[in-house]
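Structure, as structure tokens:
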Amino acid sequence: MNRIDELKAGIAVIILNEENQVLLQKRADVGRWGIPSGHVEIGETVSEAAIREVKEETNLDIKIKKLIGVYSEPDSQTFVYPNGKAVHFITTCFLAEIKGGELRCNSNESLEIKFFGLHVLPDDLIKMHPNWLKDALAQREKAFIR
């Protein structure tokens, strides 16, 4: 395994619309597409972090429907930022539904926000995100632990 500089608690949120399309954001930090995700801040629960991050990045208000899984395997959960810093994330992934808000890039973290059909996803997805989406679509009752 390569060098890891830091360990962080992360969240990811799968949001599907009525047409069963998934919401993705083109991230400003790496210029690649991914599922809305972020860090848990001190004093925050993982569900609070999920709701806050989605609001910050997409301007949408959400309701968490279920836990998809908890992901901690270092090979798939280590993200290297453009500055070279490697962060190993322990990510809690949720499935959520939209309660309100108007979809728009709501911060400098996103270059673009849009829904994609499940069979026409962009080629430049962040490496860990397709696994989260695959697990969300599995419609399994029990959460995944990977």
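The table below gives the values:
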read-out: Value of Rg/Rh across the stretch 65-113 [Cα atoms, Kirkwood radius]; value: 1.07
read-out: Dipole magnitude (debye, nearest 20) for the chain, charges at Cβ of Lys, Arg, Asp, Glu; value: 280 debye
read-out: Eligible lysines near Lys63 by straight Cα distance, threshold 28 Å, same-chain separation 8 or greater; value: Lys8, Lys26, Lys55, Lys99, Lys114, Lys127, Lys134, Lys142
read-out: Cα-only radius of gyration and Dmax that characterise the chain, units Å; value: 14.2, 42
read-out: Total formal charge among the other residues, if their Cβ is under 14 angstrom from that of Glu73, Lys/Arg +1 and Asp/Glu -1; value: 0
read-out: Rg in Å to one decimal, and Dmax rounded to a whole Å, for the stretch 15-75 via C-alpha atoms; value: 12.6, 36
read-out: Contact order relative to length of the stretch 1-109, as percent, for alpha carbon pairs under 8 angstrom and 6 or more apart; value: 36 percent
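Bear in mind that the values in this text are calculations on the coordinates, not laboratory data. Because the structure is a prediction, the values reported are computed rather than measured. All Cβ positions, even for glycine, are placed from backbone atoms using ideal geometry, and neighbour counts span all protein chains on display.
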